[in-house]
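The values are calculated or read from the model by the stated rules, or taken from the named source; none is laboratory data. Note that the structure is a prediction, hence the values are computed from the model and not measured. When we count neighbours, we look across all protein chains shown, and the Cβ atoms used for this are built from the backbone with ideal geometry, even at glycine. Keep in mind that these areas ignore ligands, DNA and RNA; they rest on the heavy atoms of the full protein, side chains included. Shrake-Rupley method; radii C 1.70, N 1.55, O 1.52, S 1.80 Å.
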Amino acid sequence: MTTRAGYQDVPDDAAAPASRSWWDANAREYLAEHGEFLGDEDFCWCPEGLREADAGILGDVRGRQVLEIGAGAAQCSAWLAARGAHTVATDLSGGMLRAGARADGCPTLVQADARRLPFARASFDVVFTSYGALPFVPDAAAVHREVARVLRPGGRWAFSVTHPVRWAFPDDPGAGGLTVSRSYFDRTPYAERDEDGQVSYVEYHRTLGDHVRELRAAGLVLEDLIEPEWPEGHERTWGGWSALRGTRIPGTAIFVASRPA
């Protein structure tokens, strides 16, 4: 039971246990609520509904070694595998990975912290995550360093996150979510605590500049920044995402970077 929620300081070492426990406990509920929209084997980048089939952000994946971090139930990796990629999907939560286990064994599922990937240097041509890992760690720079390590020269790293400007607005899909209520530059994480005072959920904010600097510090090159527009006729509400807000302020940022050849 959540007894305290809001913007509050959280010890860095509390983040991983909280995320693992929360996603383990809520895997079935999350997939029951969002599974139809995400698809069983589909690649959705964001609540705006941008699909990899239309965006082509990762390029031609046939025959390529592809790693997904923060994969959840690994729908994206399964979609890529069906198109000829050799896919490995990792997540901190064993509960989410079990929900995505498939009898044919494809993709390969590995439980791992994105900040300490159990793979050799230069193992992958492409690494990606759709809203996975990065929002839930206090040190996203460590994730970028690991990605740079396991990427081959010329490899691509793409990740989608809540658009940083959203942090300044209430997480409200209605009219209340259209008025700035806090500083965009306030990086205090959002956290929930249980009845014992233990952190049970935590999410971190980074500005656009923070993301760019962390990529550069890892030796990666930013190739593109995509801000998906809310599509006409899309009426689904997902948390703070809605047509009302989505047609006015950006909800998602997709960063596309590469490791220099």
Karplus-derived 3J(HN,Hα), 6.51/-1.76/1.60, for each residue of segment 77-85, Hz, glycine and proline x: 5, 4, 5, 5, 4, 5, 10, x, 7
THR247, THR188, THR252, ranked by accessible area, largest first (probe 1.4 Å): THR247, THR188, THR252
Proximal charge balance of GLY177 [Cβ under 15 Å; K/R count +1, D/E count -1]: +2
Net charge of neighbours whose Cβ lies under 12 Å from the Cβ of PHE124, counting Lys and Arg as +1 and Asp and Glu as -1: +3
Rounded to 5, the percent of DSSP beta bridges in the chain classed as antiparallel: 60
Kirkwood Rh in Å, taken over all unlike Cα pairs in segment 1-92: 15.1
Percent carbon-and-sulfur accessible area, the chain, ignoring ligands, DNA and RNA, probe 1.4 Å: 48
Accessible area per residue, Å², the chain with all protein chains present, probe 1.4 Å: 46
Extension gain (nm, one decimal) between ARG187 and ALA217, 0.36 nm per residue minus Cα-Cα: 8.9 nm
In nm, spacing of pseudo-spin labels at ALA243 and PHE37 (7 Å Cα→C-beta vector): 1.4
GLU68, GLU229, ranked by accessible area, largest first (probe 1.4 Å): GLU229, GLU68
Accessible heavy-atom area order of GLU146, GLU29, highest first, probe of 1.4 Å: GLU29, GLU146
Per-residue [θ]222 nm for the chain (sum of -39500 (n - 2.57) over DSSP H runs n ≥ 4, rounded to 500): -7500 deg cm²/dmol
Folded to 0 to 90 degrees: helix 15-38 orientation relative to the chain principal axis, Cα: 80
Area accessible to solvent at ARG145, 1.4 Å probe radius, in Å²: 140
For the chain, with +1 on Lys and Arg beta carbons and -1 on Asp and Glu, the positive-most of GLY6, SER183, PRO138 along the dipole: PRO138
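Hey, what did segment 1-108 get for relative contact order, percent, Cα under 8 Å, at least 6 apart?
27
Which value results when the Cα radius of gyration for segment 104-148 is divided by 2.2 N^0.38 Å?
Ratio of Cα Rg to 2.2 N^0.38 Å: 1.21.
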Under the Karplus curve 6.51 cos²θ - 1.76 cosθ + 1.60, θ = phi - 60°, whole-Hz ³J(HN,Hα) for segment 169-178, x wherever Gly or Pro sits: 10, x, 7, 9, x, x, 4, x, x, 9
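Gain in length, ARG98 to ARG62, computed as 0.36 nm per residue apart minus the alpha-carbon separation, to one decimal in nm?
The ARG98-ARG62 span can extend by a further 10.4 nm.
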Residue-by-residue Karplus 3J(HN,Hα) for segment 200-211, coefficients 6.51, -1.76, 1.60, Hz, glycine and proline x: 10, 7, 8, 9, 10, 10, 9, 6, 4, x, 4, 4
